[in-house]
Structures are given as structure tokens and as C-alpha cells.
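Okay, structure first, notes after.
The numbers here are math on the coordinates, done by the rules we state, and not lab data. Since we're looking at a predicted model, the values are computed, not measured. No Cβ is skipped: glycine too gets one built from the backbone with ideal geometry, and neighbour counts run over all protein chains shown.
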Amino acid sequence: MTVGRPGGLRWPGGGGWGGLYRGDVVFTELDHVAIAVRDLDAAVAWYRDTFGAEVAHREVVERDGVEEALLAVADSYVQLLTPTRDDSPVARYLGAKGEGLHHVGYRVADCAAALDAAVAAGARAIDAMPRPGSRGTTVAFLHPKAAFGTLIELVQE
Ligand code: CO
């Protein structure tokens, strides 16, 4: 059996994992797990009533057409995400797939360097360059089709 790369591409030389990546470990923390919901207030209330989780930060990110509520879990967050307009990517996601896990955000020391290294190793960038995220972070997204089906966000604080 051939060891496959995400997206069906094969590693050069048919080798296993780590064929191209030559840097240090990129992820420093799990930054957040993002969950797409239709009703942000209802989701916030459910997490509070079910788990005692409180909102640490809430923000509208106009550029992405989303409002998010961050629930702190140790040094990471659960990010509840809802669209603020019908043409936002999260609105399209909800229409196609319904509520649920939307993306995973990994904290990195240097978003630009992490993005370059990931693309050099075969990942597919959605953002060609890092851009502003919420909380004053710098972020870049990697395409799920080349990442075993998971939308990945690189987050630099
Ligand atoms: Co995110």
C-alpha cells in the first residue's frame, strides 16, 4: 500500500511522513476548536448551563462575516462561531453541512514562517499571506481538502 498524502498526492520518493518538512515543531498550543452554530446566544447559554463555561471574549469580525464567542479551556478556547451575513463562508458552511465542528486553530510562534513551511511541505493555503484574526491575532488558513478533511488555522498571538 502506498502511503498517501492528503489530497491524494504521494510523498516524493514514496516515503512516509516528514518527507519535506525540515523545521522545528510548528504548533506551540491548541489555540481553539471552532464550532459553527446558528444561534450564538443559545450556544453560549448551553455551554454555560451544561459545563459552567463562561465567555472570555466576544467579537464581531466584519471581514469574515462572523461573530465569535470564546470559552476558555485552560490555555485554549472553544470558539462558537455564527455568521453575521448570508454570504459569509460560515453561512455557506451551515447551509451545506449544518452545525458542528468547523476548524481547528493551532497556535504558532510565527504565522508567516509556519505558512511557508506548511505550503513547502505540500499543504494548500487558503490565505496566501497571514492576515488579521480576532483578538489582535495574525492568522492563515489551510485548505481541508489537502489536510485530511480539516480546515486548519495557524494563529499567532
Ligand atoms: Co478560528
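Remarks
- The Cα atoms of the chain give a gyration tensor whose axes a ≥ b ≥ c have a/c of 1.5 or more with a/b greater than b/c, which makes the shape prolate.
- Local net charge near ARG135, Cβ-Cβ under 12 Å (Lys/Arg +1, Asp/Glu -1): -2
- Residue order for GLU153, GLU62, GLU99, GLU67, fewest other beta carbons within 10 angstrom first, comes to GLU62, GLU99, GLU67, GLU153.
- Were the residues from ALA112 through LEU30 laid out at 0.36 nm apart, the gain over their Cα-Cα distance would be 27.7 nm.
- Label-point gap, in nm, between THR84 and VAL60 - each point 7 angstrom along Cα→Cβ: 0.5 nm
- With contributions of -39500 (n - 2.57) from each DSSP H run of at least four residues, the per-residue ellipticity at 222 nm computed over the chain stands at -6000 deg cm²/dmol.
- Dividing the mean sequence gap of close Cα pairs (under 8 Å, 6+ apart) by how many residues the chain holds gives a relative contact order of 24 percent.
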